[in-house]
Amino acid sequence: MFKNYLKSALRFIKHNKVFAGINLMGLSIALAASFIMLLFVINELSYDRYHKNGRRVYRVLNYYVDFKNTMSGTPYVLATALKDEFPQVEKAVRLRYTRGLILKFREESLAVNDAIATDSEIFDIFSLRLVNGAPDKNILDDLNSIILSHSLAEKVFPGQNPVGQELLAAVNDTEQVFMVRGVFEDLPENSTLRTNCLINSRWTLDPINKTFKITNADVNWTMNFWITWVLISEGSDIKTLENQFRAFEIKNISEKPPFQYSLQNLRNIYLGSANVGNAGITGNRSNVRLFSAIAFLIVLVAAINYIILSTAVSTGRRQEIGIRKTFGANNRKIKNQLLFESVLLALIVLPVSLILMKIAIPYAGKLFQTRLNIISSNIPVYISVYLTLTIIIGIVSGIYTSSYLSGLRVMDILKNPLQTGKSKQIFRSFLIVLQLLIFCSFVSGTLIIRSQYNYALKKDPGYFTNEILMIELGRDFKGYSAYINNIKSNPNVIMAGGVMDALPMRGSMSSMYPHFQDKTLKVKVEGLGVDYNFLQTMGIRMVEGRDFSQDFGSDLKQSVILNETAVNQLGISEPIGKLIGNLTIIGIVKDFNLHSIHTDIPPFMISMTDRYIQEVAVHYKPGTLENILPGLEAEWKKAAPDRPFRFTTIEDIIKNIYSSEKNLSTIVSIFALFTLLIAAFGLFGLTLFVARSRTKEIGIRKAFGSSPKSIILSFLFNNLILVFTAASLSVPVTIYLMTKWLNNFAYKTTINWWVFFIAFVAAAAVVLLTILVHSYKASRINPVQALRYE
């Protein structure tokens with residue numbers, strides 16, 4: 001039976017080359033586009049799935065009660081305390097990245113920026129497979145133990161077994177001799193835990209003690225600089241355990257603890273940490289949903305194409321069906337044959353789609369701002385998903401036609417073998433409208449996203465965005481004073497000033513202050529640390545009081561400047577000279593966008609700092625950037641010869657912050673193009689078949705005096721109605737979806753009518769041009785030949 005199905009399917013494809021060709025092109029493009037989307041989705045959903053205990057591994061989150069913020073940082077002592085006090089906690093480990101570790105070997109130095117300081121139990125919690133070295137339970141207990149990844153071990157000890165060998169390393173600005181205790185297999189790409197090197201967790205204590213001038217970081221419950229991981233026993237109720245944390249917090253922290261601990265499962269970390277501060281490597285669940293939806297819509301358009309063309313050519317198969325039924329074929333066999341043809345066509349397309357996907361992956365990766373790699377551990381998932389999707393498309397695409405044709409009665413076929421049926425025409429029109437609705441929604445949505453992106457770039461943030469250069473200092477820049485003074489001496493530099501983070505800021509730091517009128521209320525106030533002249537350099541306006549000045553020795557430690565929102569929310573009247581905490585308010589600045597336009601302007605204070613300056617803002621004369629850069633770099637090499645000279649402009653920072661919106665508009669517009677291209681294939685084929693089926697009608701109309709122009713216009717008018725209907729229906733759909741998207745911004749553009757008009761014009765132009773060729777050919781038919789047709 002399978003052999004007969006195959007022969008019949010191949011015979012049908014051979015006799016309907018146009019139908020098969022159009023479907024092959026449409027399906028191959030649709031599948032390639034959807035496969036790329038699904039490659040991204042599968043990779044995103046596969047993060048941290050390789051850990052065998054993943055269901056039982058949890059990260060401890062820290063909720064700051066006053067600030068209403070959730071952070072990933074917890075105290076060093078927490079891991080030990082949880083394991084000691086809760087029987088549900090089988091294993092617990094603290095973890096902190098140590099970015100200052102430098103390995104020294106063969107007269108070379110290698111900075112390991114992703115080294116992790118942790119404990120031996122990390123191997124019990126995570127699936128870190130040792131490829132060299134015995135799985136000793138105390139493998140990291142010795143202070144000078146070090147474990148390398150396989151790739152790092154090959155760099156340091158090429159072709160050797162490094163276990164048991166000594167390795168010189170600089171940690172905490174001192175040289176130490178470490179003993180290599182093991183080599184672990186490189187972590188996969190889809191892992192939120194990224195490291196090439198493990199050392200003992202105690203190496204992280206001294207830097208914290210020195211920074212905060214304490215001696216007890218290992219038992220201090222307020223030093224939240226470590227990530228705590230726990231392995232929970234099988235069958236434990238997480239909610240019950242979290243409720244037990246409340247008494248634990250009171251016991252260990254205070255009667256009114258400022259922190260509340262909760263648990264986050266390892267498998268939920270990558271896509272479930274949007275509201276977690278310092279969450280590490282994370283993805284975007286909204287992007288996963290968006291790309292899944294786009295893949296579905298692309299596939300839907302391709303399936304609709306198949307149905308449209310199948311119903312168009314089904315007229316020619318009515319006699320075949322009638323003959324097969326006369327010779328005893330039942331409905332089920334005919335339906336299975338037609339479904340088999342549909343699935344076969346989809347499977348023929350599959351290798352073509354995979355080739356197109358492979359070609360397009362590098363370009364799509366740039367578009368998505370991520371590496372679209374084929375992860376080896378995901379290959380079985382790719383195969384099963386792609387193959388299943390292809391078969392489903394074949395089944396769904398063919399199910400309507402097979403049900404319709406297999407249900408025809410023999411007498412109806414023999415009485416009227418050419419009847420197409422009004423209901424089929426209505427159904428085809430509905431599908432065409434659905435295709436065009438998807439396209440119009442894509443186009444208008446793209447224009448709205450692009451409009452919001454342009455709005456973000458052009459909106460005045462309240463400070464200079466032109467002729468501002470940001471030079472990255474990094475931490476502990478020792479030659480800062482001399483360097484910035486040399487910058488200011490450049491004749492093309494208007495002013496320069498230091499800041500802890502470039503504007504608009506991506507991160508934040510906050511403090512709680514009591515309301516000046518109602519002491520029971522507390523207001524969260526963000527902070528910005530600056531040096532002298534920063535406000536002047538950025539063109540930030542003072543509305544009251546004065547800027548920081550070296551003429552006042554107290555400004556560095558005792559003065560603060562607030563923004564207008566802080567004054568209003570704190571309820572301060574006549575603020576100049578008043579104290580906030582132990583700082584004197586010396587000035588008020590006009591509100592400016594501290595962060596991106598995704599959020600409202602928060603209440604914030606600007607204070608002086610001489611310890612945390614990590615960026616220098618340089619305001620230069622217009623047109624002099626190329627002139628000042630060599631001098632700035634030359635001075636840099638004098639001040640910090642061991643550090644790379646890195647700089648950017650405020651314009652580039654702003655563009656980078658809103659790059660996701662720009663890329664989203666590009667992605668949606670490209671897939672809108674794919675949608676229209678696929679739909680155009682279907683309309684091309686449909687017009688061809690309709691023109692052929694109406695050959696006799698056209699001949700009669702011409703015989704009665706109809707002009708070619710009127711015949712062409714009848715074709716165009718009928719399809720223009722479909723475009724207008726689709727464009728009209730897309731308006732409420734687009735407004736609803738884009739309003740929800742725009743709600744992610746505190747400052748947003750308006751949805752203008754012209755975006756829908758452009759979508760209509762684009763759809764109408766492509767549709768009318770697509771059918772114009774066939775309608776013109778049909779209008780040129782000789783009436784005599786047309787009447788002899790059929």
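The values are calculated or read from the model by the stated rules, or taken from the named source; none is laboratory data. No experiment lies behind these values; they were computed from the predicted model shown. In this analysis, Cβ positions are derived from the backbone assuming ideal geometry, glycine residues included, and neighbour counts consider all displayed protein chains. We work out accessible area using only protein heavy atoms, side chains counted, and drop any ligands, DNA or RNA first. Shrake-Rupley method; radii C 1.70, N 1.55, O 1.52, S 1.80 Å.
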Would you be able to say whether some residue in the stretch 603-614 is over 30 Å from Pro514 (Cβ atoms) and in contact (Cβ under 8 Å) with a residue 40 or more places away in the chain? yes
Whether any residue in the stretch 113-126 is open to solvent by less than 30 Å² (accessible area, probe 1.4 Å), of a type in the set (Ser, Thr, Tyr) and farther than 28 Å from Arg371 by Cα is what I want to check. yes
Does the stretch 223-252 hold any residues that are polar (S, T, N, Q) and touching a strand residue (DSSP E or B) at 6+ places or on another chain (Cβ under 8 Å), and which are they? Asn224, Thr228, Ser233
Which numbered condition in (1) out of contact with any helix residue (DSSP H, G or I) (no Cβ under 7 Å at 6 or more places or on another chain); (2) outside any strand (DSSP E or B); (3) modelled with pLDDT under 90 is the only one that Thr240 fails? (3)
Working only within the stretch 545-562, note down all residues that are open to solvent by 80 Å² or more (accessible area, probe 1.4 Å) and within 16 Å of Pro575 (Cα to Cα). Gln558
Given the residues Gly73, Gly100, which is the only one that is at pLDDT below 85 and under 25 Å from Asp173 (Cα atoms)? Gly100
With Asp48, Asp124 as the choices, which residue is assigned to a loop (DSSP other than H, G, I, E, B) and in contact (Cβ under 8 Å) with a residue 24 or more places away in the chain? Asp48
Need the failing condition index for Ile561 against (1) in a loop (DSSP other than H, G, I, E, B); (2) of a type outside the set (Gly, Ala, Ser); (3) within 16 Å of Ile585 (Cβ to Cβ), just the number. (1)
Residue within the stretch 98-105 that is within 30 Å of Ile375 (Cα to Cα), without any contact (Cβ under 8 Å) to a residue 60 or more places away in the chain and surrounded by fewer than 19 Cβ atoms within 10 Å (Cβ to Cβ) present: yes
Among Ala566, Ala640, Ala617, which is the only one that is closer than 18 Å to Ser510 by Cβ and in contact (Cβ under 8 Å) with a residue 40 or more places away in the chain? Ala566
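Residue by residue, here is whether (1) aliphatic (A, V, I, L, M); (2) under 24 Å from the mean Cα position of the chain (by Cα) holds:
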{"position": "Ser34", "(1), (2)": "no, yes"}
{"position": "Val57", "(1), (2)": "yes, no"}
{"position": "Val65", "(1), (2)": "yes, no"}
{"position": "Leu78", "(1), (2)": "yes, no"}
{"position": "Gln88", "(1), (2)": "no, no"}
{"position": "Ala92", "(1), (2)": "yes, no"}
{"position": "Phe105", "(1), (2)": "no, no"}
Boolean, Asp142 is surrounded by fewer than 18 Cβ atoms within 10 Å (Cβ to Cβ) and in contact with a Ser or Thr (Cβ under 7 Å, 6 or more places away or on another chain): no
Hey, can you tell me all the residues within the stretch 232-269 that are charged (D, E, K, R) and open to solvent by less than 30 Å² (accessible area, probe 1.4 Å)? Glu242, Glu249
Can you spot a residue in the stretch 614-621 that is surrounded by 15 or more Cβ atoms within 10 Å (Cβ to Cβ), under 25 Å from Thr211 (Cβ atoms) and either modelled with pLDDT under 85 or touching a Leu at 6+ places or on another chain (Cβ under 6 Å) (or both)? yes
Would you confirm whether any residue within the stretch 482-499 is out of contact with any helix residue (DSSP H, G or I) (no Cβ under 8 Å at 6 or more places or on another chain), of a type in the set (Phe, Trp, Tyr) and open to solvent by less than 20 Å² (accessible area, probe 1.4 Å)? no
Exception for Thr390 within (1) surrounded by fewer than 16 Cβ atoms within 10 Å (Cβ to Cβ); (2) in contact (Cβ under 8 Å) with a residue 24 or more places away in the chain falls at (1)
Only one of Phe477, Phe464, Phe442 is in a loop (DSSP other than H, G, I, E, B), more than 30 Å from Ile601 (Cα to Cα) and of a type outside the set (Val, Ile, Thr). Can you tell me which? Phe477
Exception for Lys155 within (1) among the basic types (Lys, Arg); (2) within 24 Å of Glu90 (Cα to Cα); (3) in contact with a strand residue (DSSP E or B) (Cβ under 8 Å, 6 or more places away or on another chain) falls at (2)
Identify the residue in the stretch 86-97 that is closer than 19 Å to Gly235 by Cα and touching a helix residue (DSSP H, G or I) at 6+ places or on another chain (Cβ under 6 Å) and, among all such residues, is surrounded by the fewest Cβ atoms within 10 Å (Cβ to Cβ). Gln88
Hey, could you check the stretch 251-265 for residues that are hydrophobic (A, V, I, L, M, F, W, C) and at pLDDT below 95 and say which is nearest to the chain's Cα centre (by Cα)? Phe259
Counting just the residues of the stretch 629-650 that are aliphatic (A, V, I, L, M) and touching a strand residue (DSSP E or B) at 6+ places or on another chain (Cβ under 9 Å), which one comes out farthest from Glu467 (Cα to Cα)? Leu632
Going through (1) more than 32 Å from the chain's Cα centre (by Cα); (2) touching a residue at least 12 places away in the same chain (Cβ under 8 Å) one by one, Thr240 fails only at (2)
